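Structure record follows, encoded as structure tokens.
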Amino acid sequence: MTVTEERPTVEIGAPRKRKEDARLLTGRTRWTDNITLQGMLHIAMVRSPVAHGTITSISTDAAKAAPGVVAVLTAADLGDAQGGLPNAWQVAPDQKAPNHPSMAIDHVAFAGEVVAMVVARSSAEARDGAELVDVDYDYLPPALDLRDCAADKVLAHPDLGTNVSAHYEWHSADHGTGGDVEAAIAEARANGIVIEREYRQQRLIPAFMEPRSIVADPTGEQWTIWTSTQVPHFVRIFMALVTGIPESKLRVIAPDVGGGFGGKLQFTPEEVLTVLAAKHTGKPCKYTESRSESLMAAHHGRDQWQKLTLAANSDGIVTGLKVELLADMGAYLGLVSSAIPLLGAYMFNAIYKFGSYKFACTNVFTNKAWTDAYRGAGRPEATFAIERLMDELAAEVGVDPMEIRQKNWITHDEFPFRTVAGLDYDTGNYEAATDKAKQAFGYDELRTEQKRRRDAGDPVQLGIGISTYTEMCGLAPSRWLGSQGYIAGGWEHASIRMLPTGKVEVVTGTSPHGQGHETAWSQIVADRLGVAFEDVEVLHGDTQVAARGLDTYGSRSLSVGAMAVVAAADKVIEKAKPSAAHLLEADVGDIEWSGSQLRVKGTEEGKSLGEIAFAVLQSHNMPDGVEHSIDADATFDADTFSFPHGTHLCAVEVDTETGNVAIRKYVSVDDIGKVVNPLIVDGQVHGGIAQGVAQALFEEGVYDDSGTLVTGSFVDYLVPSAADLPTFDIDRTETPATTNALGVKGVGEAGTIASTPAVVNAIVDAVRHLGINDIAMPCSPQRVWSAIQSAGGAS
Amino acid sequence: MARINVTVDGVGYSDDVEPRTLLVQYLRDTVGKTGTVVGCDTSNCGACTVHLDGRSVKSCSVLAVQADGHEVTTIEGLADGDTLHPMQQAYHDNHALQCGYCTPGMIMQSIDLLNDNPSPSEQEVRDGLEGNLCRCTGYQNIVKAVLAAAQGGAS
Amino acid sequence: MIPAKFDYVAPESVADAIAALRSDSAEIKVLGGGQSLLPVLRMRLAAPTLLVDLGRIAELSGVSDDGDAIVIGAMTTHAEVAANALIAEHASVLSKTALTVADPQVRHRGTLGGSLVHADPAGDLPAPILALDAELVVAGAGGERTVSAADFFVDLFTTAVGEDEILTRIRVPKHTGWGSHYEKFNRVAQAWSIVGVAANVRTDGGTIAEAKIALTNMGSTAMRASAVEAALVGQPATDDAVRAAAASAADGTSPPSDADGDADYRRHLATVLTRRAVLAAAG
């Protein structure tokens, strides 16, 4: 275990305005779709409108004859060269997965799957050609309902023989972290309280703003592939494995990337197909998806049925929690599809001290777009379930939902704490965050107003929702990943290059797409190496520059990626010491780091790293054995996760006449440990909360009975605008993590994890007195109104 | 093909275009104004917002031929050399962008909003940006930036 | 995202436009502001062979005073309608409704005439046109004819405008001094109305003297809520009285069921929103 270092900081903690902004504000951007190469060809995909079927014929003659069309490629043309797309996480030894070709061969398993591609001189001609490709299908019954599919009533992949991809379980009694959950439930049935609920985590679509785009250039000795991805390093490795192009011949660049939220944590069919088109034509090829294609065929998120059994004694002390999940994988397994529920498995107990815990999950195939990471990935689902249940328990016991949490949570003096799910929480202070949030919220006053409105039978009822969440951040310790069946590690890499002009190049293996790493890493390095913020340049997202790295997702970049940067900075200092000793005519043992210089102990005489870099460049007079560079590489692999936490409070007004929900007040107090840049952190929290609110109120990926995505455009998939969201009143407490040098925990997903249950708890709280204890997400006006009608109306 | 004459960011262009060419495609592919981007195909996201004769429009919802004889301003025409337009500066000062993909359209609409209503309330700012989607910021700092620009007299 | 190929003409007179519509191109579409048509073309849900752009016909734009009515050119944009002082004074329900259409960028391009001829049942502007008893002037090869608002909206996406005709202007009788409100209910700001209610009410000393109420998205076209109108006349503008009258708002409607709401919910919403719209208009 590392202990947070107390060293002077100037930059860390400062609200530095972002370096990234200059180009983004002025339109001098490098989105993949902005890249145009001489002779470049354009691709249009032909996608199956059929959710489940067999391809009986594909006619490409008309398309081939169309103006500007250079090639029309089907699976028959690609042959074995297209290989199969990988899934990187085996959650059970007998995990089943269908072959996943980039282009359907004869069986289509969801509406949106690519069945042919047209390569043409312009994107318009490619699209014109695609309209002329005629595909005939034999229809098969689509497997759509998750519960029916779990029972194999209809098969998504008939040749697999079952829809069940994997089943896995975890029980505290088997791991010595708690008791037997069935015993706890039996005891509670006899002498306490049992709460049984089923919650639906609806299907969501990440809906990053930049549609995905790929340019593949086969010209010259090396392939260059620009792609709008969160994971250029993964793309490089998998592209090599799938296409057989040697990894050493592949350069993958993630230029400016317009958001991801997990949705670009993928190795995609379109990436492979663009490379195959370039290989076939010998020309650079570009594919840019339309929004409709993106919503239809980029991976989706969430989509679970959660069956929950909570056992408590009659005072409301929780003695056990049993979780049984059905998780919709969709038609195929993507990179980490199978493990999304697993990433939540250790979080259902959240901030509480439960006596026993059991988790079971069944991963199920359906004929829908495949699901995979979406902001929070597993943890929002877990947090939603437990925070909703704690409200239900409070209602059953007859106490304020805040009180039920206080009865059950880990108190600040109990850290470090091993949870019933076997994780070691290093620090936390749930009381402090909650007190601060309650103050800002005016909790007691709002409860008084709620009672007044309830008593008066006001058509607009007030509800208060609480979410006291925690999460596991910093995916992930490599050993842990290995123990869970993941193919890769979870370390991160960084290089620091000291330039002789005093400038510093920081090369990071993280791959930011809005998170502000260029700014934050500059702040960290400025403090660590005693250089100016402006003198630091952060390089990333190009496998030829950042040769090593595991990219950006899972709130890992700061707590893992920046630790590699810190380690590399420390190495630079160590590496510069012999040169400094030589320049200062002192013994290496007498050289110490002042914060900005290497000095002779006890003197003011020293050399900055820039000066030393210049001296080693010259090397006119260096002793034998001194390296002609003080650059350093470092990796960092965390020992454990970090555990941000916080308290989110939401007040909603529910119009019982229309079912409309309006957020009246939203307060969050997050504890993410030390903060590098408060501007960036605030932005992450705002955006995170907005996405969680959107799950609660607006967004749902809906398929009709034929397996057609009904919410296939932004007309129907309701991403909220500024006019649909309130101002969030956000604040922080600071309990530093003890598991990394900076005391940081991670913030990318916190808001999304916390906010969904806060909003839904508030809605249910507003109408609970009418006899309602649940409303399915998204809580649309129709659903809220119908719930009120079913319960007998508002008055 | 139809011949059109369009002024973009103060420079006159004369080009032959297919009638079906959308203004945004003309700007990006013919004029090279790749600062203006496409985020959807249903006119919802507003990422492609530019000014046509001084009023904000979604350039995916205008044909290039309709812009014949008119003047277009894009995100690339706002700054004066190295000096940002006050709205760009306000976005920077208030951390009103993360991935930056919605930013060009958002800024163009924000400027139009203040042209229409130089002293908007917070709600008026939110309503005035209803046609622009952002997935990163939760809009909070965008609203703050527009209000700050209004205070500072941006136009 | 890229429309299929089409030919394009931009006539500078109504006569030339009608001539273009009568040309032998296989499928001709009129381009007004394009805010409904271009999305359809981008998605290739329609593939016209010829677009006739009305954007260069100067006489189709603008608002003028014509004695007991105001006349609005069909190509007048939503933004112009919303900002026009004449309309605000004499037909305020139209100003208010125009301000709720889509978003500012769309309102800068989208036109009143285009929106009316498109006749989307969830579109907002037919309702105030009905609630103002407007008359619509349609030009064809044989000259002009006037169609009342009540006869204009025929069915889903269908109006009285023939294939070789264009809507040139909308004549709105002055409703000076009338109170108005458009109550729009939707899930996110730029979404289509689940239900909308346009209320155009004349009060006389706290009593409702005349009421013209029209509903959006309660059937295949916008429609007047005649039963409510009749029940309101002579009633005080109080919550109880208006509530009682608004209870019949869904009479004779046949609302759709979709992801935003089923028909029963829409019928219920119509009563609530009508009450709110009338109270706001009369208040």
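The values are calculated or read from the model by the stated rules, or taken from the named source; none is laboratory data. Predicted model, so just to flag it, every value in this text is computed and none were measured. All Cβ positions, glycine included, derive from the backbone under ideal geometry; neighbour counts span all protein chains shown.
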Checklist line | Members of the range C:74-88 that are more than 14 Å from chain B (Cβ to nearest Cβ), within 17 Å of the chain's Cα centre (by Cα) and of a type in the set (Gly, Ala, Ser) | finding: C:Ala74, C:Ala88
Note to self: For the range B:39-89, give me the residue count where each residue is of a type in the set (Asp, Glu) and at the interface with another protein chain (Cβ under 7 Å from one of its Cβ atoms).
What the structure shows: 2
Checklist line | The listed residue being buried (at least 24 other Cβ atoms within 10 Å of the Cβ), touching a helix residue (DSSP H, G or I) at 6+ places or on another chain (Cβ under 9 Å) and at pLDDT below 95, out of A:Ala638, A:Ala694 | finding: A:Ala638
Notebook entry, point to check: So which strands (runs of 3 or more DSSP E) stay within the range C:1-73 end to end and still have 3 or more residues that are touching a strand residue (DSSP E or B) at 6+ places or on another chain (Cβ under 9 Å) and facing chain B (nearest Cβ under 10 Å)?
Noted result: C:7-9, C:50-53
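The rows are residues; the columns are (1) at pLDDT below 95; (2) among the aromatic types (Phe, Trp, Tyr); (3) surrounded by 21 or more Cβ atoms within 10 Å (Cβ to Cβ).
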residue: A:His412; (1), (2), (3): no, no, no
residue: A:Phe415; (1), (2), (3): no, yes, no
residue: A:Ala433; (1), (2), (3): no, no, yes
residue: A:Lys438; (1), (2), (3): no, no, no
residue: A:Gly442; (1), (2), (3): no, no, no
residue: A:Glu449; (1), (2), (3): no, no, no
residue: A:Arg452; (1), (2), (3): no, no, no
residue: A:Gly457; (1), (2), (3): no, no, no
Item checked: Positions within the range A:469-512 being in a loop (DSSP other than H, G, I, E, B), under 16 Å from the mean Cα position of the chain (by Cα) and either farther than 24 Å from A:Gly688 by Cβ or β-branched (Val, Ile, Thr) (or both), in sequence order -> A:Thr510
Checklist line | Enumeration of residues in the range A:695-719 that are of a type outside the set (A, V, I, L, M), on the phi < 0 side of the Ramachandran plot, more than 8 Å from chain B (Cβ to nearest Cβ) and part of a loop (DSSP other than H, G, I, E, B) | finding: A:Phe698, A:Glu699, A:Glu700, A:Gly701, A:Asp704, A:Asp705, A:Ser706, A:Thr708, A:Thr711, A:Gly712, A:Asp716, A:Tyr717
Checklist line | Top-ranked residue of the range A:69-98 - restricted to ones that are assigned to a loop (DSSP other than H, G, I, E, B) and among the aliphatic types (A, V, I, L, M), ranked as nearest to A:Gly39 (Cα to Cα) | finding: A:Leu85
Margin query: Six or more apart or on different chains, Cβ atoms under 8 Å: show the pairs whose first residue is in the range B:74-95 and among the β-branched types (Val, Ile, Thr) and whose second is modelled with pLDDT of 95 or more and part of a loop (DSSP other than H, G, I, E, B).
Written below: B:Thr74/A:Gly27; B:Thr74/B:Asp9; B:Thr74/B:Lys33; B:Thr74/B:Gly35; B:Thr74/B:Thr36; B:Ile75/A:Gly27; B:Ile75/B:Gly35; B:Ile75/B:Thr36
Check: Residue check, A:Gln782 against (1) in a helix (DSSP H, G or I); (2) within 24 Å of the chain's Cα centre (by Cα), all met but one. Which one?
Finding: (2)
Next item on the list: Could you tell me which residue of the range B:104-134 is farthest from the other protein chains (Cβ to nearest Cβ), considering only residues that are part of a helix (DSSP H, G or I), more than 13 Å from B:Leu78 (Cα to Cα) and of a type in the set (S, T, N, Q)?
Entry: B:Asn115
Note to self: Restricting to the range C:103-135, and then to whatever is among the β-branched types (Val, Ile, Thr) and within 12 Å of C:Gly33 (Cα to Cα), can you tell me which residue is nearest to the other protein chains (Cβ to nearest Cβ)?
What the structure shows: C:Val106
Note to self: Give me the helices (runs of 4 or more DSSP H) completely within the range C:224-283, filtered to those with at least 1 residues that are within 20 Å of A:Gly659 (Cβ to Cβ) and either under 19 Å from the mean Cα position of the chain (by Cα) or at pLDDT 95 or above (or both), ordered by residue number.
What the structure shows: C:239-246, C:263-282
Next item on the list: Would you point out the residue of the range A:20-34, among those that are of a type outside the set (A, V, I, L, M, F, W, C) and over 18 Å from B:Thr83 (Cα atoms), that is nearest to the other protein chains (Cβ to nearest Cβ)?
Entry: A:Asn34
Check: Can you spot a residue in the range A:565-579 that is in contact with a His (Cβ under 7 Å, 6 or more places away or on another chain) and crowded, with 16+ Cβ neighbours inside 10 Å?
Finding: no
Next item on the list: Restrict the check to the range A:114-125 and report whether at least one residue is in a loop (DSSP other than H, G, I, E, B) and either more than 14 Å from chain C (Cβ to nearest Cβ) or among the acidic types (Asp, Glu) (or both).
Entry: no
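Looking at the range C:169-200, which of its residues are within 14 Å of another protein chain (Cβ to nearest Cβ), assigned to a strand (DSSP E or B) and not small (Gly, Ala, Ser)?
C:Glu183, C:Lys184, C:Phe185, C:Val195, C:Val197
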Item checked: All positions within the range A:309-324 that are touching a helix residue (DSSP H, G or I) at 6+ places or on another chain (Cβ under 8 Å) and surrounded by fewer than 24 Cβ atoms within 10 Å (Cβ to Cβ) -> A:Thr309, A:Asn313, A:Ser314, A:Asp315, A:Gly316, A:Ile317, A:Thr319, A:Lys322
Notebook entry, point to check: Do the conditions hold for B:Gly35, that is, is it facing chain A (nearest Cβ under 7 Å), of a type outside the set (A, V, I, L, M), touching a residue at least 40 places away in the same chain (Cβ under 8 Å) and within 26 Å of B:Ala145 (Cα to Cα)?
Noted result: yes
Check: Only one of these conditions is not met by A:Arg47: (1) buried (at least 21 other Cβ atoms within 10 Å of the Cβ); (2) charged (D, E, K, R); (3) closer than 30 Å to B:Asp93 by Cβ. Which number is it?
Finding: (3)
Checklist line | In the range A:199-248, the residues that are small (Gly, Ala, Ser), touching a helix residue (DSSP H, G or I) at 6+ places or on another chain (Cβ under 6 Å) and surrounded by 24 or more Cβ atoms within 10 Å (Cβ to Cβ) | finding: A:Ala216, A:Ser228
Margin query: Can you pull out every residue in the range B:135-155 that is closer than 17 Å to A:Asp682 by Cα, assigned to a helix (DSSP H, G or I) and within 14 Å of chain C (Cβ to nearest Cβ)?
Written below: B:Val143
Check: Going by the conditions given, is A:Thr274 more than 14 Å from chain B (Cβ to nearest Cβ) and of a type outside the set (Phe, Trp, Tyr)?
Finding: yes
Notebook entry, point to check: On the given criteria, is A:Arg251 of a type in the set (Lys, Arg), in contact (Cβ under 8 Å) with a residue 24 or more places away in the chain and surrounded by 21 or more Cβ atoms within 10 Å (Cβ to Cβ)?
Noted result: no
Next item on the list: Name the residue, out of A:Val616, A:Val685, A:Val652, that is within 14 Å of another protein chain (Cβ to nearest Cβ) and either surrounded by 19 or more Cβ atoms within 10 Å (Cβ to Cβ) or closer than 17 Å to A:Ala207 by Cβ (or both).
Entry: A:Val685
Check: What number of residues within the range A:191-240 are within 14 Å of chain B (Cβ to nearest Cβ) and not aliphatic (A, V, I, L, M)?
Finding: 10
Check: For A:Asp94, are the conditions met, namely being within 30 Å of A:Ala339 (Cβ to Cβ) and acidic (Asp, Glu)?
Finding: yes
